[in-house]
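The values are calculated or read from the model by the stated rules, or taken from the named source; none is laboratory data. Quick caveat: nothing in here was measured; it's all calculated off a predicted structure. Virtual Cβ from ideal backbone geometry, glycine too; neighbours counted across all protein chains shown. When the accessible area is computed, the model is the full protein with side chains, heavy atoms only, and any ligands, DNA or RNA have been set aside. Shrake-Rupley method; radii C 1.70, N 1.55, O 1.52, S 1.80 Å.
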Amino acid sequence: MKKVLLLLLLSISLSCFSQGQKYVYSYALWGPKNSCVHYVYDSAPESKYAMPKNYLLKDKEGNVMHFRLDIEFVNYLAEQGWELMQVVYTPNISVGGEIYYYFKKPQSEFTKEELDKIIKK
């Protein structure tokens, strides 16, 4: 009985200290001409000031993808493995506001080359 309790206590304590899965986070919003601007958070400070045209969603041939509705690019990103976490509306007096779609994707789903582009050391 003591051995069973010891094993149970040991297994519970090990599971408490095990590391969870790591994620890459991003957000998306409407871009020019019904395109989607998809910003992947990275550690490069210059990425904060990059032009939105550098983050437009593109197909395999490199052409900018166009969507009729915002739910279409949300579904497209979900098919690519991104999990929708939250949708936030930010009011803007002059334009009317923007909607930000926040996503996460497990790091294990990226290739090493993709992670090296995202996470700069």
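Per-residue answers, yes or no, for (1) modelled with pLDDT under 80; (2) open to solvent by 80 Å² or more (accessible area, probe 1.4 Å); (3) among the hydrophobic types (A, V, I, L, M, F, W, C):
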{"position": "S43", "(1), (2), (3)": "yes, no, no"}
{"position": "P52", "(1), (2), (3)": "yes, no, no"}
{"position": "N63", "(1), (2), (3)": "no, yes, no"}
{"position": "I71", "(1), (2), (3)": "no, yes, yes"}
{"position": "G96", "(1), (2), (3)": "yes, no, no"}
{"position": "F103", "(1), (2), (3)": "no, no, yes"}
{"position": "K120", "(1), (2), (3)": "yes, yes, no"}
TODO: Report yes if some residue within region 74-93 is open to solvent by 40 Å² or more (accessible area, probe 1.4 Å), touching a residue at least 12 places away in the same chain (Cβ under 8 Å) and under 20 Å from K33 (Cβ atoms); otherwise report no.
DONE: yes
Task: Number of the exception - G81 against (1) out of contact with any strand residue (DSSP E or B) (no Cβ under 8 Å at 6 or more places or on another chain); (2) at pLDDT 75 or above; (3) of a type in the set (G, A, S) - done: (1)
